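Participant: Structure incoming, see below.
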């Protein structure tokens, strides 16, 4: 059973990530890397917490999935911008995989907007893990420095997750939130044909 209340802890955590976006952007633009690293870490931790709390305590809502997707979008934009401004000299020799991930990530967002006129909050298992891996990379990058193994692993995994989401969006006939992954979508489609 899914919760129908708007003011749940997961929704409040997602709202926090959306509301804090301008402040974190300000930290990036004013070159305050240390404060940025603290607040982006808080945003990444609240991203993990909102999903875990929603699933554990059955507080998942359709609006919550959409809020989380908007908050994720903002966090990714901030992370890309911060990496470019603060860490590009470390990343540049390895930038091809980052560009590849960014292209597939952007295509997945543009495709879902085109097909369903907005974010739908797929939240596949692959993309949840992508968030953990890439969030871990971002925290590690800003607290300890660049680690190529973590970088490549997080971005290769993320690229595969984006490709999976693009395929899922192509297969869905109507918007759905919280799909587990391509396997489950195909299984559901084969039952209904």
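Participant: So, in region 99-109, how many residues would count as being modelled with pLDDT of 95 or more, in contact with a helix residue (DSSP H, G or I) (Cβ under 8 Å, 6 or more places away or on another chain) and within 10 Å of residue 159 (Cβ to Cβ)?
Facilitator: 3
Participant: Sticking with this one: Return the residues of region 105-119 that are free of Cβ contacts under 8 Å to residues at least 24 places away in the same chain and not in a helix (DSSP H, G or I); say none if nothing qualifies.
Facilitator: Taking region 105-119 first, the residues free of Cβ contacts under 8 Å to residues at least 24 places away in the same chain are 106, 110, 113-114, 117.
The one that is free of Cβ contacts under 8 Å to residues at least 24 places away in the same chain and not in a helix (DSSP H, G or I): 117.
Participant: Look through region 49-63, keep the residues that are surrounded by 15 or more Cβ atoms within 10 Å (Cβ to Cβ) and within 14 Å of the chain's Cα centre (by Cα), and return whichever of them is modelled with the lowest pLDDT.
Facilitator: Taking the candidates together, the pick is 51.
Participant: With the structure loaded, tell me whether residue 81 is surrounded by 14 or more Cβ atoms within 10 Å (Cβ to Cβ) and within 24 Å of residue 179 (Cβ to Cβ) or whether it fails that test. Please lay out each step first, then the result.
Facilitator: Working: surrounded by 14 or more Cβ atoms within 10 Å (Cβ to Cβ): yes; within 24 Å of residue 179 (Cβ to Cβ): no.
No, not satisfied.
Participant: Which numbered condition in (1) surrounded by 14 or more Cβ atoms within 10 Å (Cβ to Cβ); (2) free of Cβ contacts under 8 Å to residues at least 12 places away in the same chain; (3) over 27 Å from residue 25 (Cβ atoms) is the only one that residue 192 fails?
Facilitator: (1) is the only condition that residue 192 fails.
Participant: Among (1) in a loop (DSSP other than H, G, I, E, B); (2) over 24 Å from residue 85 (Cα atoms); (3) touching a residue at least 40 places away in the same chain (Cβ under 8 Å), there is one condition residue 7 misses while meeting the rest; what is its number?
Facilitator: (3)
Participant: Just checking, does region 127-144 include any residue being modelled with pLDDT under 95, in a loop (DSSP other than H, G, I, E, B), closer than 24 Å to residue 32 by Cα and more than 17 Å from the chain's Cα centre (by Cα)?
Facilitator: Scanning region 127-144, I find at least one residue that is modelled with pLDDT under 95, in a loop (DSSP other than H, G, I, E, B), closer than 24 Å to residue 32 by Cα and more than 17 Å from the chain's Cα centre (by Cα), so the answer is yes.
The values are calculated or read from the model by the stated rules, or taken from the named source; none is laboratory data. These numbers were taken from a predicted model, which means no experiment stands behind them. Backbone-built Cβ (ideal geometry, glycine too); neighbour counts: all protein chains shown.
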